[in-house]
Each structure stands twice: as structure tokens, then as C-alpha cells.
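Participant: Questions regarding the structure given below will be posed in turn.
Just so you know, all these numbers are worked out from the coordinates, no wet-lab data involved. Please read these numbers as outputs of a predicted model, since none were measured by experiment. Here the Cβ positions follow ideal geometry from the backbone for every residue, glycine too, while neighbour counts run over all protein chains shown.
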Amino acid sequence: MRKVTAGFFHSVDGVVDQPDQWQFDSFDAELGEIMGGLMMNIDTVLMGRVGYEEWASYWPNAEMDQDFGGFINSVPKFVASRTLTKELTWQNSHLIEGDLFDFVRGLKEGEGGEIAVMGGISLARQLLFAGLLDSLTLITHPVVVGHGRRLFEPGEKTTRLQLLDAKSTSAGNVVSTYALKQV
């Protein structure tokens, strides 16, 4: 069975929104190697509408000397949205039709590599709480941002996680991977 993973750049105070505004000065070569290793097994991407719209306006026209640009433009992307109705224009992008959870279960049962949630804060949360997210990687940068969206909001149900792996880099980044704790 295929695994569904999610990863987010994360500030010490929990912000995952707009990491391009605050993580640049601590993104070191070690973190680049870790990120490359995480991407190696991904062959399908799930996105939320907001992330899709932001990334679709940037990555197709970005400088392609970056490894991530080549990856994200070519990989099949499935977009979860209740409001998008038109054909998606970004290369290899498809709108998810029908029930999101049924669609993800179908992907998990199919052939292929990892399925990664990218650019989808609420999508990752929904999949985690539905028991469909197999691992969550938080790449915590040594910065307090002070404002912005967080992965988890006050009032959400208590959910226990199990630490699967943790690494740190010389620039002070901590890469922690979690799974839902089986009780």
C-alpha cells in the first residue's frame, strides 16, 4: 500500500504559512540533502486550492536550475477544492472529483511511490484527522515568526503522534517525522 506523507517548513512558534518570507537564512546544504532524500520516493502530489493557486502562478515560470522546480512541474498533482470548477492549467494537474477521502484511499491502494501533500495546510490536517496521513514531517527553523497560519488551530481534538525520526542541521533546523500514534 502506498503511503501519504506531508511536510511543512515550520517556525518555532508553529507558523507554516509563507515560509519563503522567513526560512531563507537557515536553509543550509544539510537541509537541502534531507529534502532531496524526502523527495526521492514521491511520485504523486496532493494539493489544496490555495496552495495550488499560489504554486501554479510561480513554479511553471520559475528558473528551472532548481531541483524542486523540475520535480513539481512534472509530477502528477491532484487538487482538492470545492470552488475550482474549470480545467486546471498547470502541467499534470487534475481536480479531484467526488469524495476526497475515497479518492485518497483509492490512490493509496494503487501502484506507485509515495503520495505527498504539498501546499495544503488544511488538506494535511483533514487527512491526518481522518487517519489517512501516514507521516508528517515538520522542518522547524530557528525563528519566531509571530504571525501567520499554523498547521494546527486552537480547539482541534487532541491527537497523539509518535516520533519516527529526528535530525538537526548545523544551521539549527530540526527535521522531525511523526505518525499517528496507535493506541
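Participant: Give the residue list of trypsin sites (Lys or Arg not before Pro) in the range 43-115 that are DSSP loop and have at most 10 other beta-carbon atoms within 10 angstrom.
Facilitator: On the way: sites: Arg49, Lys77, Arg82, Lys86, Arg105, Lys108; in loops: Arg82, Lys86.
Listed in order of number, the matching sites are Arg82, Lys86.
Participant: Relative to 2.2 N^0.38 Å, what does the C-alpha radius of gyration of the range 106-173 come to as a ratio? Two decimals please.
Facilitator: 1.32
Participant: Which one of Gly32, Leu88, Leu128 has its Cα pushed farthest toward the positive end of the charge dipole of the range 4-180, where Lys and Arg give +1 and Asp and Glu give -1 at the Cβ?
Facilitator: Going by the Cα projections, it comes out as Leu128.
Participant: Between Lys108 and Ser74, how high is the FRET efficiency from 1/(1 + (r/R0)^6) when r is the Cβ-Cβ distance and R₀ = 30 Å? Nearest 0.05.
Facilitator: My answer for the efficiency is 0.85.
Participant: Give the cross-link partners of Lys157 among the lysines, using a straight C-alpha distance below 17 Å as the criterion and excluding same-chain residues fewer than 8 apart.
Facilitator: Correct list for Lys157: Lys181.
Participant: Can you list residues from other chains, or at least 5 along the same chain, whose modelled amide H is less than 5 Å from the amide H of Thr137?
Facilitator: Excluding prolines and chain starts, which carry no amide H, the hits are Ala6, Gly7, Phe8, Tyr178.
Participant: Do the sum for the chain: with -39,500 (n - 2.57) for every DSSP H run of n ≥ 4, divided by all residues, what is the mean residue ellipticity at 222 nm, to the nearest 500 deg cm²/dmol?
Facilitator: Counting only the DSSP helices, I get -7500 deg cm²/dmol.
Participant: Do you know the relative contact order of the chain, to the nearest whole percent, from alpha carbon pairs under 8 angstrom that are 6+ apart?
Facilitator: Relative CO of the chain lands at 37 percent.
Participant: In whole Hz and in residue order, list the ³J(HN,Hα) couplings for the range 76-87 that follow from phi through the Karplus curve 6.51 cos²θ - 1.76 cosθ + 1.60, θ = phi - 60°; x for Gly and Pro.
Facilitator: So the J values, rounded to whole Hz, are x, 10, 10, 10, 8, 7, 9, 10, 6, 10, 8, 5.
Participant: List the trypsin sites (Lys or Arg not before Pro) within the range 114-183 that fall in a DSSP loop (any state other than H, G, I, E or B) and whose Cβ has at most 15 other Cβ atoms within 10 Å. Please report the intermediate quantities before stating the final value.
Facilitator: On the way: sites: Arg125, Arg149, Arg150, Lys157, Arg160, Lys167, Lys181; in loops: Arg149, Lys157, Arg160, Lys181.
Loop-located and lightly packed - Arg149, Lys157, Arg160, Lys181.
Participant: Treat every Asp and Glu Cβ in the range 29-144 as -1 and every Lys and Arg Cβ as +1, leave all other atoms uncharged, and give the resulting dipole magnitude about the Cα centre to the nearest 20 debye.
Facilitator: Magnitude of the dipole: close to 460 debye.
Participant: Counting only residues 5 or more places away or on other chains, whose amide H sits under 5 Å from the amide H of Gly120 once H atoms are built in the peptide plane?
Facilitator: The list, which skips near neighbours in sequence, is Gly48.
Participant: Using the Karplus curve 6.51 cos²θ - 1.76 cosθ + 1.60 with θ = phi - 60°, what ³J(HN,Hα) values do you get for each residue of the range 28-35, in whole Hz, with x for Gly and Pro?
Facilitator: Calculated HN-Hα couplings, in order: 9, 4, 4, 5, x, 5, 4, 4 Hz.
Participant: I need the phi-derived Karplus couplings for the range 128-136: 6.51 cos²θ - 1.76 cosθ + 1.60, θ = phi - 60°, integer Hz, Gly and Pro marked x.
Facilitator: Values per residue, Gly and Pro as x: 4, 5, 8, x, 9, 9, 7, 8, 10 Hz.
Participant: When Lys and Arg each count +1 and Asp and Glu each count -1, what net charge do the other residues less than 11 Å away from Phe8, Cβ to Cβ, add up to?
Facilitator: Neighbour charge sum, excluding Phe8 itself: +2.
Participant: Can you give me the P(r) profile for the chain? Cα pairs, bins 5 angstrom wide beginning at 0, each as a whole percent.
Facilitator: 1, 7, 16, 20, 22, 18, 10, 4, 1, 0
Participant: Still on this structure, I have one more. Ignoring the sites themselves, what is the longest stretch of the chain with no GluC sites (Glu not before Pro) in a DSSP loop and at most 16 other beta-carbon atoms within 10 Å?
Facilitator: 1-62
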